[in-house]
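Heads up: the structure comes next, in structure tokens.
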Amino acid sequence: MGQLKAKDYKSGVKPIWCPGCGDYAVLNALTKAFAGLEIPHEEIVVASGIGCSSRFPAFIKTYGFHGVHGRPLPLATGIKLGNPDLTVVAVGGDGDGFSIGGGHMPHAARRNIDITYIVMDNSIYGMTKGQPSPTSPTGMHRKAAPYGTQETPLNPIMMALSYNASFVARCFSNKLKEMTDIIMQAIQHPGFAFIQVLSPCITFNDTYAHYREITQLIPEDHDTSDLAAALQLALVTDTQYLGVFYHDKERLGYCERVRMVQEAAPKMSLDAIIENYKR
Ligand SMILES: Cc1ncc(C[n+]2csc(CCOP(=O)(O)OP(=O)(O)O)c2C)c(N)n1
Ligand code: SF4
Ligand SMILES: [Mg+2]
């Protein structure tokens, strides 16, 4: 060990993403993070939904599960509970995670299941050729919204904080070093770690210049244990802050809780359980 490089975690299957898609950088950051943490290939599972971003497992040399639309979190949760020794990463897009799959994040967060969830947020449905997504800005004109979108975009960091996720961060695909560092922190966090990556879709929603202009690192004096301070930063939308908003280092991860239940369960007789039901 110690000799692994990011390229050792690439499968050799050439990504079919458009040249310039932000998702390439996420692939580079995640493989760098695996190499940096020296995690053996066979101890990693990457689970995804459906979308351009969700093609991820094919390009990575670990176990993988390319699932169905909106379901990376249930898959990842089951995999982690089946074998808590694995490093489990769920990946997907903004449509996948916040539209059809939007009901799963609150429960992954409140369980504090020990997985990392990376949403490649391009504020568009890339794979289906450019329909507005839940994070598209109000007034965005596309073929499927000829008069412009009329909805207010979701704020994924606010959502994750209000669901009480124990690790919440935002990255920009143009900032590889920072993204790699944050992914490493997320993987090492024993609980649910949510990362929103601003990952432009160069074909249907090229936001590179916009994000270069409005992104800024979270001020160094931000206290990541302060939920109210994290919410204040998340509320700012004309600047998109990058970095770790919130990190609760105290809360037990779900796998540890399940282990405690497994330890306690044999001590409770079947008769006692039945009596409990009768009450
Ligand atoms: C149940 C179901 N509904 C709809 C679709 C069609 N579909 C495929 S990908 C996608 C959205 C992809 O957008 P996003 O998750 O943001 O990923 P991106 O392609 O932008 O990375 C949709 C609606 C599907 N595959 N399955
Ligand atoms: S359509 Fe957009 S999201 Fe899909 S691969 Fe191309 S640039 Fe990436
Ligand atoms: Mg998308």
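FYI, it's all coordinate maths here, none of it is from the lab. These numbers were taken from a predicted model, which means no experiment stands behind them. Heads up, the Cβs are rebuilt from the backbone with ideal geometry, glycines too, and the neighbour counts pull from every protein chain shown.
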From DSSP H assignment alone, runs of 4+ in the chain each adding -39500 (n - 2.57), the sum over residues rounded to the nearest 500 puts [θ] at 222 nm at -9000 deg cm²/dmol
Filtered hits (lysines, Cα-Cα < 26 Å from LYS143, offset >= 8 within chain) -> LYS129
Under a Gaussian network model of the chain whose springs join Cα atoms within less than 10 Å, the largest fluctuation of ARG251, ARG170, ARG55 belongs to ARG251
For LYS61, counting only lysines whose alpha-carbon sits under 25 Å away and dropping same-chain residues fewer than eight positions off, the answer is LYS5, LYS7, LYS10, LYS14, LYS32, LYS80, LYS175, LYS177
Expressed in angstrom and rounded, the centroid-to-centroid distance over alpha carbons for region 186-247 and region 34-96 is 22
With the 8 Å Cα cutoff and a minimum separation of six or more residues, region 6-251 has a relative contact order in percent of 19
For the chain, the dipole about the Cα centre with charges only on Cβ (Lys and Arg +1, Asp and Glu -1), to the nearest 20 debye, works out at 780
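By counting other Cβ atoms within 10 Å of each Cβ, how are LEU270, LEU161 ranked from fewest to most?
On the way: LEU270 7, LEU161 22.
Result, fewest neighbours first: LEU270, LEU161.
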Computed over the chain: longest principal axis from alpha-carbon atoms vs helix 176-188 long axis, angle to nearest 10 degrees, is 10
Ranking GLN262, TYR125, PRO200 by how far each Cα lies towards the positive end of the charge dipole of the chain (+1 on Lys and Arg Cβ, -1 on Asp and Glu Cβ), the top one is TYR125
Per GNM of the chain with C-alpha springs under 10 angstrom, the most fluctuating residue out of MET159, MET260, MET268 is MET268
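Where a ≥ b ≥ c are the square roots of the eigenvalues of the C-alpha gyration tensor, would you call region 6-251 rounded, which needs a/c under 1.5, or, failing that, prolate if a/b is larger than b/c, or oblate? Show your work: numbers first, answer last.
Numbers: a/c = 1.43, a/b = 1.14, b/c = 1.26.
Rounded is the answer for region 6-251, as its axis ratio a/c remains below 1.5.
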Expected max-MSF residue from ASP121, ASP248, ASP85 in the GNM of the chain (alpha carbon, under 10 Å) is ASP85
